[in-house]
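The structure under discussion appears below in the form of structure tokens.
The values are calculated or read from the model by the stated rules, or taken from the named source; none is laboratory data. Everything numeric here is computed off the predicted structure, so don't read it as measured data. Glycine gets a Cβ as well: all are built from the backbone with ideal geometry, and neighbour counts include every protein chain shown.
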Ligand SMILES: *Cc1c(COP(=O)(O)O)cnc(C)c1O
């Protein structure tokens, strides 16, 4: 399939023995798709290798996308566009995070040269369409990252499933659980890959947002099946084969949970690996809870797919500092350094 090169592959599969011991499970491994290599990495860069090839094949010179103000998708689109010499327009939501200023992913969007717009009181989808019209009138050929790109994203994650399968086989390991933060294409691709390869692992998706869980399972199965058609695979998935929960979202998308913030410190302090507060940390809090409740067996081999998102840490400085009770201990000659 047409593909542009954006990432370094295979991404590492790290063994995490101190984390495994801390959470009480036999093997814990992390597939480091936060290390895809482009502008702080993440799962979107792997997906964009196909979506940007599609834009390229259509002769587009401008890419339009956008999501939340702290969107990892938007930041990686801006980076991919920069690398390929395309202009990137982002129509992000003017939400609680952007009202706090230009930080985290949003800051990176500007540094990467994207034209950033913040939709306030207008539908971002319509704003993107209007922008595309204006650009066409000026003689440009815009590519809006939409449903077809999402299908190609699932295709990319079939590739990731294959990569993990090879890495695990090389180490004589078999995954019992493949866990990840996902509400759509990433899980669709991994579930399709796992079923096609017949690896027998449970794929557990943790949605970053609340919503109709049945509709989400149907959406994931449909993306998987559309990806299967693109890849000419016979495998098909039905919604009841998809396991995805929003039980660990808390109040809503983008609002931290105490268990998620605990997970950030746990990963950092056992393995020196950073998780983000919006996606991976909440998913990890779910994995920890499921191990504790025996839903994931103690003798299991768990592979967690790290989908990236770390730049958001800086946009959540207030919550992190408060939760961890981080204080600045100033050393003067009146105060001892160890106290
Ligand atoms: C976008 C994103 C996800 C979700 O990916 P989908 O394929 O849309 O389900 C998960 N984790 C991080 C860090 C993300 O940025």
Review point. Which one is surrounded by the fewest Cβ atoms within 10 Å (Cβ to Cβ), of the residues in segment 21-55 that are out of contact with any helix residue (DSSP H, G or I) (no Cβ under 7 Å at 6 or more places or on another chain) and within 17 Å of residue 152 (Cβ to Cβ)?
Key: 53
**Study point:** Matching residues in segment 249-261 - criterion: being free of Cβ contacts under 8 Å to residues at least 40 places away in the same chain and at negative phi
**Key:** 251, 255, 257, 259, 260
Practice item. Name every residue in segment 53-69 that is out of contact with any strand residue (DSSP E or B) (no Cβ under 7 Å at 6 or more places or on another chain) and within 16 Å of the ligand (Cβ to nearest atom), in order of residue number. Key: none
Revision key, fill the gap. Note on segment 160-183: residues in contact with a strand residue (DSSP E or B) (Cβ under 9 Å, 6 or more places away or on another chain) and outside any helix (DSSP H, G or I) are 171, 173, 174, 175, 176, 177, 178, 179, 180, 181, 182, 183
Practice item. Considering only segment 262-289, state which residues are farther than 18 Å from residue 319 by Cβ and either within 16 Å of the ligand (Cβ to nearest atom) or crowded, with 23+ Cβ neighbours inside 10 Å (or both). Key: 273, 286, 287
Revision key, fill the gap. Only one of (1) touching a strand residue (DSSP E or B) at 6+ places or on another chain (Cβ under 9 Å); (2) more than 14 Å from residue 67 (Cβ to Cβ) does not apply to residue 90, and that is (2)
Exercise for review: Might you let me know whether segment 170-177 holds any residue that is surrounded by 20 or more Cβ atoms within 10 Å (Cβ to Cβ), within 14 Å of the ligand (Cβ to nearest atom) and more than 14 Å from residue 47 (Cβ to Cβ)?
Suggested key: no
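One line per residue, one yes/no per condition, for (1) in contact (Cβ under 8 Å) with a residue 60 or more places away in the chain; (2) away from the ligand (no atom under 15 Å from the Cβ); (3) surrounded by fewer than 24 Cβ atoms within 10 Å (Cβ to Cβ):
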{"position": "166", "(1), (2), (3)": "yes, yes, yes"}
{"position": "183", "(1), (2), (3)": "yes, no, yes"}
{"position": "187", "(1), (2), (3)": "no, no, no"}
{"position": "222", "(1), (2), (3)": "no, no, yes"}
{"position": "247", "(1), (2), (3)": "no, yes, yes"}
**Study point:** Scope segment 123-159; condition modelled with pLDDT of 95 or more, more than 21 Å from residue 188 (Cβ to Cβ) and either within 13 Å of the ligand (Cβ to nearest atom) or not in a helix (DSSP H, G or I) (or both); matching residues
**Key:** 138, 139, 140, 141, 142, 143
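Matching residues to (1) closer than 21 Å to residue 308 by Cβ; (2) crowded, with 18+ Cβ neighbours inside 10 Å:
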site	(1), (2)
99	no, no
110	yes, no
114	yes, yes
129	no, no
136	no, no
143	no, yes
151	yes, yes
Check your understanding: Which of (1) surrounded by 24 or more Cβ atoms within 10 Å (Cβ to Cβ); (2) within 14 Å of the ligand (Cβ to nearest atom); (3) within 17 Å of the chain's Cα centre (by Cα) does residue 193 not meet, given it meets every other one?
Key -> (3)
Check your understanding: For segment 236-324, which helices (runs of 4 or more DSSP H) that fit wholly inside it have 2 or more residues that are over 24 Å from residue 193 (Cβ atoms) and out of contact with any helix residue (DSSP H, G or I) (no Cβ under 8 Å at 6 or more places or on another chain)?
Key -> 258-271, 317-324
Review point. Any chance segment 60-72 includes a residue that's within 14 Å of residue 143 (Cβ to Cβ) and surrounded by fewer than 20 Cβ atoms within 10 Å (Cβ to Cβ)?
Key: yes
Check your understanding: When only residues in segment 70-122 that are in a strand (DSSP E or B) and within 16 Å of the ligand (Cβ to nearest atom) count, which is farthest from residue 59 (Cα to Cα)?
Key -> 93
